[in-house]
1. Return the only residue of Leu20, Leu52 being open to solvent by 50 Å² or more (accessible area, probe 1.4 Å), at pLDDT 95 or above, in contact with a Cys (Cβ under 6 Å, 6 or more places away or on another chain) and under 20 Å from Leu2 (Cα atoms).
2. For Glu73, work out the one condition from (1) open to solvent by 80 Å² or more (accessible area, probe 1.4 Å); (2) over 24 Å from Asp24 (Cα atoms) it doesn't fulfil.
3. Take the residues in the stretch 81-104 that are aliphatic (A, V, I, L, M) and either more than 14 Å from the chain's Cα centre (by Cα) or open to solvent by less than 60 Å² (accessible area, probe 1.4 Å) (or both), then tell me which one is modelled with the lowest pLDDT.
4. Of the conditions (1) of a type outside the set (S, T, N, Q); (2) open to solvent by 30 Å² or more (accessible area, probe 1.4 Å); (3) within 23 Å of Ile16 (Cα to Cα); (4) touching a residue at least 12 places away in the same chain (Cβ under 8 Å), Phe62 fails just one. Which one is it?
5. Has the stretch 76-96 got at least one residue that is in contact with a helix residue (DSSP H, G or I) (Cβ under 7 Å, 6 or more places away or on another chain), over 23 Å from Met1 (Cβ atoms) and of a type in the set (D, E, K, R)?
6. Tell me which residues, restricted to the stretch 105-119, are open to solvent by 30 Å² or more (accessible area, probe 1.4 Å) and not in a helix (DSSP H, G or I).
Amino acid sequence: MLYRVDYQHKLTRIEIQDCLILCDKLRLEQVFDNITFNSYKYAGTDITVTSLFVDHYLEVLFHDYGPGVDDKELPLLMQKYYRGTNAKGKNGAGIGLYMSQYFMAKMNGSITAYNTKAGFEVGIRIPLC
């Protein structure tokens, strides 16, 4: 699924733990696609994908090495139609992360986004079977 959404071949390391997850395959692929495309658009760097088990979830972490977003904007990223100040001059409607959050909630999972010292990271929690 991750290889299918990597149109620009920037996923340089993919480490996913072996497990069974409970999800809607099509919607999860849309979430992965949105996160990957956002990294292409706003960071333009390689993307590292890793995973770990947290409680009864598989957490998949997408880490790019771009500038991230303004800390004041982080709580707004998942709002419908919200586009950050870094979106100026870039195509988009501001619904990708909103829809990703909606899909993850419907699958009893979650999505988070935060800046790191070396870029930006999005975490997806998917329920384990």
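1. None of the other options fit; the residue is Leu20.
2. (1)
3. Here the residue is Ala87.
4. (2)
5. Yes, some residue in the stretch 76-96 is in contact with a helix residue (DSSP H, G or I) (Cβ under 7 Å, 6 or more places away or on another chain), over 23 Å from Met1 (Cβ atoms) and of a type in the set (D, E, K, R).
6. Matches in the stretch 105-119: Asn108, Ser110, Thr112, Tyr114, Asn115, Thr116, Lys117, Ala118.
The values are calculated or read from the model by the stated rules, or taken from the named source; none is laboratory data. It should be emphasised that the depicted structure is a prediction, and the values quoted were computed from it without experimental measurement. All Cβ positions, even for glycine, are placed from backbone atoms using ideal geometry, and neighbour counts span all protein chains on display. Surface areas here come from the heavy atoms of the whole protein model, side chains and all, with no ligands, DNA or RNA. Shrake-Rupley method; radii C 1.70, N 1.55, O 1.52, S 1.80 Å.
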